[in-house]
Amino acid sequence: MATPPSYDDRDGTIWFDGRLVPWREANVHVLTHALHYASSVFEGQRAYAGEIFKLTEHSERLVKSGRLLGFEIPWSVEQIDQACREVLADSGLEDAYMRPLAWRGSEQMGVSAQRAKIHLAIACWPWGAYFGDESARKGIRMIVSPWRRPAPYTAPTESKAAGLYMICTLARHEAQAKGYDDALMFDWRGRVAEGTGANAFFVRDGALHTPTPDCFLDGITRRTVIDLARRRGIEVHERPIWPEELEGFEQFFLTGTAAEVTPVASVGPWNFEVGDLTLQLRSDYLDLVNRRLTNA
Ligand code: PMP
């Protein structure tokens, strides 16, 4: 498979602080606060057939993430929505992944950064199945990460903040180096938490079980899938889940904007089937985002 072009060397435009600039010119200086201190927040959203799924929820979460890091994005939710639509339209893409990013600039160096300007950029590009084309049929293979999701008193865990992804990258690199697709992370208490970029759902006796999102992102896809399941009369239990329970679950799937609904075949020593309930919810989700189902 050919290596995709580097993300700084593509055609097209990127929305940068209020205007569309040529892709290769959307640059920042090396003395940017965000590069040194991870003072940035981002979104990941997808467009299907020309429409960005739950766009306003993403823009709202972006603004909230910035506030949780102590800064105010100088654009309203409506303006961010509009900018996203402009980027998508300019790209000519119908199906795309979109990445809004807000960060502290270079006006001030050091830990404190009250004078640093807040920037906003939005890019989009084509992005297929996050775990590859075979993932839905076969299910992905995961390891358990030694890294744990931090406690809410240790980090702003409700924010989609760049800094929170440092352990996700470490966890996923370790998984891939060992030949696996992803890692399941426990939380600081030792409870089952989530994947490195997606939420976790388990199936047992026809019901769904998903960890309470009290120290990790309560994903937009997660909430959508809970709605879809309840519409089908499937019971959903949001509750603490301990690793001892993994043995007794029949199915396991991940949810996320990039991952959509991805079945999991195994985590360490535990195996799962790519079962009907998982495949049903995956197909409901794809119907919903492609507007083949009325919106939840
Ligand atoms: N957890 C993490 C760590 C993520 O990066 C994501 C993707 N944004 C999710 C969960 C799922 O969130 P969403 O469904 O809103 O994309």
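Computed from the coordinates by the stated procedures, all read-outs in this text should not be read as laboratory data. Small disclaimer: the values here were computed from a predicted structure and weren't measured. Note that each Cβ is placed from the backbone with ideal geometry, even for glycine, and that neighbours are counted across all protein chains shown.
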Original post:
At each listed q (0.13, 0.15, 0.25 Å⁻¹), what is the log10 of I(q)/I(0) that the Debye formula gives for region 44-142 modelled as equal alpha-carbon point scatterers?
Top reply: -0.57, -0.70, -1.22
**OP:** At 7 Å along the Cα-to-beta-carbon direction for both residue 239 and residue 60, put a label point, then send me their distance in nm to one decimal.
**Re:** 2.9
Original post:
Where in region 202-225 is the amide nitrogen less than 20 Å from a point lying 7 Å along the Cα-to-Cβ axis of residue 250?
Top reply: 202-211
**OP:** Take every Cα-Cα distance within the chain, group them into 10 Å bins from 0 onward, and report for each bin the whole-number percent of pairs it holds.
**Re:** 6, 27, 34, 25, 8, 0
Original post:
residue 20 to residue 68: extension gain in nm, 0.36 nm per residue of separation minus the Cα-Cα distance?
Top reply: 14.5 nm
Original post:
What ratio of Cα Rg to 2.2 N^0.38 Å holds for region 135-289?
Top reply: 0.96
**OP:** Pairs of Cα atoms under 8 Å, at least six residues apart: use those to get the relative contact order of the chain, whole percent.
**Re:** 17
**OP:** Determine, for 84, 168, the number of other Cβ atoms within 10 Å of each Cβ, and report the residues in order from fewest to most.
**Re:** 168, 84
Original post:
What length, rounded to one decimal in nm, is gained on full extension from residue 155 through to residue 291, with 0.36 nm per residue of separation minus their alpha-carbon distance?
Top reply: 45.3 nm
**OP:** Work out which trypsin sites (Lys or Arg not before Pro) in the chain are exposed loop sites (DSSP not H, G, I, E or B, at most 16 other Cβ within 10 Å) and give the longest gap free of them.
**Re:** 11-114
Subject >> Theoretical FRET efficiency, 1/(1+(r/R0)^6), r = Cβ-Cβ of residue 129 and residue 108, R0 51 Å, to 0.05 >> reply: 0.80
**OP:** Assign unit charges at the C-beta atoms only (+1 for Lys and Arg, -1 for Asp and Glu), then state the dipole size of the chain relative to its Cα centre in Debye, rounded to the nearest 20.
**Re:** 460
Subject >> Stretchable slack from residue 29 to residue 95, in nm (0.36 nm times residue separation minus alpha-carbon distance) >> reply: 20.6 nm
**OP:** Arrange 119, 33, 173 by Cβ neighbour counts within 10 Å, fewest through most, would you?
**Re:** 173, 119, 33
